[in-house]
Amino acid sequence: MLYAKTDRLVLRSLEENELPRFAKLLDVWDVVRWLTVVPYPYTLKDAESFYRDSVLNVDPQTPEVYIVAQPNDNLLIGAVGLHEPHSPHYAEGDLEIGYWLNPVFWGQGFMTEAARCALSLGFARASTDAIVATTEPNNKASQNVLQKIGLRAMGMVPRDYKTLRGSDTIVQWHLSRNEWEARRAS
């Protein structure tokens, strides 16, 4: 299913036949080291489990994951997720954004473009009051993306959820529906 399209990318659903590529792209330490809840090494079995839990068993109108692909060949190059926050301290109505991208495409603005599309898709859900995120303190690239799409850093806080890796302190990010709508109007 196609959810969004720009000149340089599409956001669409993950197809079962793409699971080997999905697993291969997530089995790269430079990608997964920032994804605190994704196992490493990442195997085809992990991808199959993710597909069952996060694609097959969710409403296609409000997916948890959007595949980022090139429009010319539909090739999977990354993903953007919108899901319930990992932390128990967020409010009802908050959606957490997360993302990853094949390193071949780093530094070209693809993830900023994809994350902007994901914001629009997230706020199109009537139940969404805010889009939130967390980053590792040293993940400057991800922090850059969040700033460019309008999220504000809310400060450093202790991590209050279990992860596979990462520091005990994280940076929290936030964008309310009101802030998002005001930016769109101006």
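Since every read-out is calculated from the coordinates, none of them should be taken as a lab result. Just so it is clear, the structure is predicted and the values come from calculations on it, not from any experiment. Neighbour counts run over all protein chains shown; Cβ positions are idealised from the backbone, glycine included.
Taking amide H as placed 1.01 Å from N in the peptide plane, Ile77 has its amide H under 5 Å from the amide H of Val68, Ala69, Gln70, each at least 5 places away in sequence or on another chain. Taking the fewest neighbouring Cβ atoms within 10 Å as the starting point, the ordered list for Tyr66, Tyr42, Tyr51 is Tyr51, Tyr42, Tyr66.
Computed about its Cα centre, the charge dipole of the stretch 2-185 is approximately 500 debye, with only Lys, Arg, Asp and Glu carrying charge at their Cβ. The Cβ shell under 15 Å around Met1 holds other residues with a net charge of -3, Lys and Arg each +1, Asp and Glu each -1.
In the chain, the calculated helix contribution to ellipticity at 222 nm averages -8000 deg cm²/dmol per residue, counting -39,500 (n - 2.57) for every DSSP H run with n ≥ 4. Could you compute the FRET efficiency for Gln70 and Val37, with r as their C-beta to C-beta distance and R0 at 22 Å, rounded to 0.05? FRET efficiency, Gln70 to Val37: 0.25. Straight-distance candidates among the lysines for linking to Lys24, with alpha-carbon spacing under 26 Å and chain neighbours fewer than 8 residues away dropped: Lys5, Lys45, Lys140, Lys162. As a proxy for reagent exposure, ranking Glu179, Glu18 by other Cβ atoms within 10 Å from fewest up yields Glu179, Glu18.
With Cα atoms defining each centre, the stretch 86-123 and the stretch 49-68 are spaced 15 Å apart in the structure.
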